[in-house]
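J.: Here it is, the structure, as structure tokens.
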Amino acid sequence: MKGNIIKYARDNIDTDVIIPGQYLKIHDYAELATHAMEGLDPDFHSKVKEGDFILSGKNFGCGSSREHAPIALSHCGIKAVLALSFARIFYRNAVDGAFLLPIEIDQDAYDGIAEGDEIEIDVSANEIKNNTKNQTYKMKPFSEIIGKIIAAGGLFKYKPDLD
Amino acid sequence: MGQTLFEKIWDSHIVEETQNEPSLIYIDRHLIHEVTSPQAFDGLRMNNRKVRRPDLTIATMDHNVPTTDRSLPILDQTSSIQIKTLEKNCKDFGITLFGMDSPNQGIVHVIGPQLGITLPGATIVCGDSHTSTHGAFGALALGIGTSDVEHVLASQTMWLEKPKPFEIKVKGKRKNPHAVTAKDIILSIIKNIGTGGGNGTVIEYRGEGITDLSMEQRMTICNMSIEAGARAGLIAPDEKTFDYLRGREFTPKNYESLVDTWRDTLHTDSDAKFEKEFTLHIDDIAPQVSWGTNPGMTCDVTESVPSPDEYSKGDTNQKKGAEKALEYMDLKSGTSIMDIKINRVFIGSCTNARLDDLIEASKVIQGNKVSSEVQAMVVPGSQMVKKQAEELGLDKIFIDANFEWRESGCSMCLGMNPDILSPGDRCASTSNRNFEGRQGNGGRTHLVSPVMAAAAAINGHFVDVRELELN
């Protein structure tokens, strides 16, 4: 996966800024996507491109259980969110619906990657390559279970391997 | 080794457990509402699936319903569609719905306990993060997204990785329990452990500071567990819990024999181990007021707005967050909290809109008038709370003081219905989130207890309610 970074250098990006409550009545995902990040960055929709990644700090996606948050981001073309840590329900929703990859990164990657950098994510090698800066960082591997659900393409395609 | 309460509930709900796979957990109660359920029902239809246990599934509409006269049509077309969609889905799939005209309608986390649907030792899920509220009854209650709602509708189960047990001990006694409330305890906890402090855990709240609380106050505590990042929060059931649920509409017929079992089993064993611990002493805690844009950005009412340096203690991102928060909130470091003027007051939400909350707030209001600079509203948590409050004459007290007295719903907590702040409005709110734009684009939220909100409404700014004669 290759794409450019949109960086929000702060912690606690909450689901209310990812998709404000007033838009939770919208059922058309393309329309929902036009309001993504509106609460934080009104320019987001004009700058986001298919294949982009978001980079942010700790506790990304905290707050509401609205699945509309990863849905809105994914329908803007966001393929992964790289963050120092994630709030649990956002992480689960992102994986469940295979909307986007929630990737936990370390401080080196967070500090090293800047707005606009082109990066390549290699999930099988747990590596993030920064093509702009010619640097490589480690990503935190997905747990075995999460990895399986992602590989299957989401919760409804996943068949657990039972005894 | 003994087990924690959480581990006991977890173990008794495992349907399937295989190494290196998530556990399949049975769900005893599924609560649904109009906002996070439509796509789940669409998914069922697309795959030709039924709801596996409609008898364990209960629906209401709360998030976007108007809180004005229920006999009038809903003006917002998209809200109206969402409400009609829930009606149709419940009819098609045989699910009990407490709709707009039902006396049982209300915020899903208020009506669950009120109707005896919430039970100790049960697993409860709902497509809403504040499902943690039900943990006050010793239930394992989890907020879930819409994919999981669909999974539970279809299978009455959910795949879960086991969270870690986290003990939060609340020690001591509050000197003035009418002025320093459950809201102040939970805001103090979040202020200390941070908004990510509970990530990956299920919190069990313990100690005399918790057992002293009423069931309604315990719900306020568990409600905000999610604001600390926890999967769930719970409190071991005791006689207060059992008394609360006795004789309610959906309380099981064999209730007394269930209570006997719960008394024996639903507690953390003395030799059980928690993976994380935190202790809060509440002898001297003050009423809390949030100053920033997450619930951890909170201080005592007697303090001043901190500087980003004071708040962040050297963490760069925390500092940036605080700078951004002060800018959004239009506050300067060093401003005394009691000098902050507000122009809106919201008493409502699944955190603080139960009868107890309204009674306590009404004591502050009685014989007073809302400041001429302030627009104030009370949105009872359910139609049943509203009716009980009206039987006590609380509506008169609020209306005489120039509060608006509304029909029940989530209302201004999340700004999905017409009850929103305008840009620049500053609100003393009894809700749970002070995120940017949460209560309306450009609106500024200060999280407080019901008595603090009531006192702010009268004075037009925050006051230390310990100075008032409350009892």
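Values quoted throughout were computed directly from the atomic coordinates according to the rules given, and no laboratory measurement underlies them. Keep in mind that what you see is a predicted model, and the values were worked out from it rather than measured. When we count neighbours, we look across all protein chains shown, and the Cβ atoms used for this are built from the backbone with ideal geometry, even at glycine.
J.: Of the beta bridges DSSP finds with both residues in the protein assembly as shown, what % are antiparallel, to the nearest 5? Write down the numbers at each step before the final one.
T.: On the way: 24 of 79 bridges.
Approximately 30 percent, going by the DSSP bridge assignments.
J.: Projected area of chain B, taken from the Cα convex hull and averaged over every viewing direction, in nm²? Walk me through the numbers on the way to the answer.
T.: On the way: hull surface 88.7 nm².
The orientation-averaged projected area of the Cα hull of chain B comes to 22.2 nm².
J.: Taking amide hydrogens as modeled 1.01 Å from N in the peptide plane, which residues meet the under 5 Å criterion relative to B:Val15, leaving out close sequence neighbours?
T.: B:Leu24, B:Ile25, B:Tyr26
J.: To continue, here is another question. Roughly speaking, what is the stretch gain from B:Arg248 to B:Glu404, that is 0.36 nm per residue apart minus the C-alpha to C-alpha distance, in nm to one decimal?
T.: Working it through step by step, the gained length comes to 53.2 nm.
J.: What is the spin-label model distance, in nm, from B:Lys88 to A:Ala114 if the labels are put 7 Å beyond Cα along the C-beta direction?
T.: About 5.3 nm, to one decimal.
J.: Pick from A:Ser65, A:Ser85, A:Ser46 the residue whose mean-square fluctuation is largest in a GNM of chain A, springs joining Cα atoms under 10 Å.
T.: A:Ser46
J.: Averaged over peptide A:37-48, how many Cβ atoms belonging to another chain are found within 10 Å of each residue's Cβ?
T.: Values: counts 0, 2, 6, 5, 0, 0, 0, 0, 0, 0, 0, 0.
Mean partner-chain Cβ count within 10 Å for A:37-48: 1.
J.: Other chains' Cβ within 10 Å of A:56-63 residues: what's the mean?
T.: Going residue by residue through A:56-63 and averaging, the value is 6.
J.: A further question follows. Find which of B:Gln105, B:Ala230, B:Gly200 sits farthest along the positive direction of the dipole of chain B, computed with +1 on the beta-carbon of Lys and Arg, -1 on that of Asp and Glu, about the Cα centre.
T.: It is B:Gln105, whose Cα lies furthest towards the positive end.
J.: Given points 7 Å out from each Cα along the Cα-Cβ axis, report the B:Asn441 to B:Ile81 separation in nanometres with one decimal.
T.: Once both label points are built, they end up 1.9 nm from each other.
J.: Could you give the length gained by full extension between B:Ser270 and B:Asp69, i.e. 0.36 nm per residue of separation minus their alpha carbon distance, to one decimal place?
T.: Values: separation 201, 0.36 × 201 = 72.36 nm, distance 5.25 nm.
So the extension gain works out to 67.1 nm.
J.: In addition: Where does the Debye-calculated log10 I(q)/I(0) of the range B:362-471 sit at q = 0.18 Å⁻¹, using only Cα point scatterers of equal weight, no solvent?
T.: Each listed q maps to, in turn, -0.92.
J.: Which whole-number percent is the relative contact order of chain A (Cα, under 8 Å, 6+ apart)?
T.: Across chain A, relative contact order equals 22 percent.
J.: In addition: May I ask you to list the chymotrypsin sites (Phe, Trp or Tyr not before Pro) in the range B:402-471 that are in a DSSP loop and have at most 16 other Cβ atoms within 10 Å of their Cβ?
T.: Passing sites in the range B:402-471 do not exist.
J.: Same structure, new question: Suppose we keep just the DSSP beta bridges with both residues in the range A:2-157; what percent of those would be antiparallel, to 5? All intermediate terms of the calculation are to be shown ahead of the outcome.
T.: Values: 12 of 26 bridges.
Once the DSSP bridges in the range A:2-157 are tallied, antiparallel ones form about 45 percent.
J.: Can you give the mean number of other chain Cβ atoms that lie within 10 Å of the Cβ atoms in peptide B:194-203?
T.: Shielding by partners across B:194-203 averages 4.
J.: Something else about it: For B:Thr201, what residues show an amide H to amide H distance below 5 Å, using hydrogens built from the backbone and excluding near sequence neighbours?
T.: The answer is B:Lys164, B:Arg231.
J.: Can you tell me the order of B:127-134, B:252-259, B:153-160 when each peptide is scored by its average per-residue count of other Cβ atoms within 10 angstrom, highest first? It would help to have the intermediate numbers written out before the result.
T.: Numbers: B:127-134: 30.2, B:252-259: 12.4, B:153-160: 20.1.
Per-residue mean Cβ counts within 10 Å order the peptides as B:127-134, B:153-160, B:252-259.
J.: Sticking with this structure for a sec: Between the range B:205-227 and the range A:8-76, how many Å separate their Cα centres?
T.: About 32 Å separates the Cα centre of the range B:205-227 from the one of the range A:8-76.
J.: So, one more: Can you compute the charge dipole magnitude of the range B:1-70 about its Cα centre, using +1 on each Lys and Arg Cβ and -1 on each Asp and Glu Cβ, nothing else charged? Give it in debye, rounded to the nearest 20.
T.: Here the range B:1-70 has a charge dipole of around 320 debye.
J.: Where the centre of each part is set by its Cα atoms, how far does the range A:124-163 sit from the range B:1-71, in angstrom?
T.: Cα centres, the range A:124-163 to the range B:1-71: 27 Å.
J.: Among B:Leu213, B:Ser382, B:Phe242, whose Cα projects farthest towards the positive end of the dipole of chain B, with charges put on the beta-carbon of Lys, Arg (+1) and Asp, Glu (-1)?
T.: Going by the Cα projections, it comes out as B:Ser382.
J.: So for the range B:372-418, averaging the separation of alpha carbon pairs under 8 Å that are six or more residues apart and normalising by length, what relative contact order in percent results? Kindly include the intermediate steps, with their values, before the conclusion.
T.: Values: 42 pairs, mean separation 22.4, N = 47.
Computed value for the range B:372-418: 48 percent relative contact order.
J.: Quick check on chain A: helices-only [θ] at 222 nm, where DSSP H runs of length 4 and up contribute -39,500 (n - 2.57) each and the sum goes over total residues. Nearest 500, please.
T.: Computed ellipticity for chain A at 222 nm equals -6500 deg cm²/dmol.
J.: Charges only on Cβ, +1 for Lys and Arg, -1 for Asp and Glu: so what's the dipole of chain B about the Cα centre, in debye to the nearest 20?
T.: Here the size comes out at about 460 debye.
J.: Also: Going by how many other Cβ atoms sit within 10 Å of their own, how do B:Glu161, B:Glu436 line up, fewest first? Could the numbers behind the result be given before it?
T.: Values: B:Glu161 14, B:Glu436 23.
The fewest-first ordering by Cβ neighbours comes to B:Glu161, B:Glu436.
J.: In chain A, if the dipole is taken from +1 on Lys/Arg beta carbons and -1 on Asp/Glu beta carbons about the Cα centre, which of A:His27, A:Cys62, A:Ala151 is farthest to the positive end?
T.: Checked the options; the winner is A:Ala151.
J.: Could you order the peptides B:1-13, B:178-190 from most to least packed, using the average number of other C-beta atoms within 10 Å per residue? Don't skip to the end; give the middle numbers.
T.: Details: B:1-13: 18.5, B:178-190: 25.5.
Top to bottom by mean Cβ count within 10 Å: B:178-190, B:1-13.
J.: What does the highest-first list of B:289-297, B:20-28, B:446-454 look like by mean Cβ count within 10 Å?
T.: In decreasing order of mean packing, B:289-297, B:20-28, B:446-454 become B:446-454, B:289-297, B:20-28.
J.: Treating only the Cβ atoms of Lys and Arg (+1) and Asp and Glu (-1) as charged, compute the dipole magnitude of the range A:14-122 about its Cα centre; round to the nearest 20 debye.
T.: Here the range A:14-122 has a charge dipole of around 520 debye.
J.: If we count GluC sites (Glu not before Pro) as exposed when they sit in a DSSP loop and have at most 14 other beta carbons within 10 Å, what is the longest stretch of chain A that avoids them all?
T.: A:51-114
J.: Once Rh is set to the Kirkwood radius over Cα pairs, what Stokes-Einstein translational diffusion coefficient, in µm²/s, holds for the protein assembly as shown at a temperature of 4 °C and a viscosity of 1.567 mPa s? Write down the numbers at each step before the final one.
T.: Values: Rh = 24.6 Å.
In µm²/s, the coefficient rounds to 53.
J.: Calculate for chain B the 222 nm mean residue ellipticity that helices alone would give, adding -39,500 (n - 2.57) per DSSP H run of length 4 or more and normalising by residue count, nearest 500 deg cm²/dmol.
T.: -9000 deg cm²/dmol
J.: Taking 1 over the mean of 1/r across every pair of different Cα atoms in the range A:2-157, what Kirkwood radius in Å do you get? Please report the intermediate quantities before stating the final value.
T.: Details: mean 1/r = 0.0650 Å⁻¹.
For the range A:2-157, inverting the mean 1/r across all distinct Cα pairs yields 15.4 Å.
J.: Which value results for Rg/Rh of the range B:111-262 when Rg is the Cα radius of gyration and Rh the Kirkwood radius based on the inverse mean 1/r?
T.: Result: Rg/Rh = 0.97.
J.: Also: Any chance you could get the radius of gyration and Dmax over the Cα atoms of the range B:177-254, in Å?
T.: Taking only Cα atoms of the range B:177-254, I get Rg and Dmax of 13.8, 43 Å.
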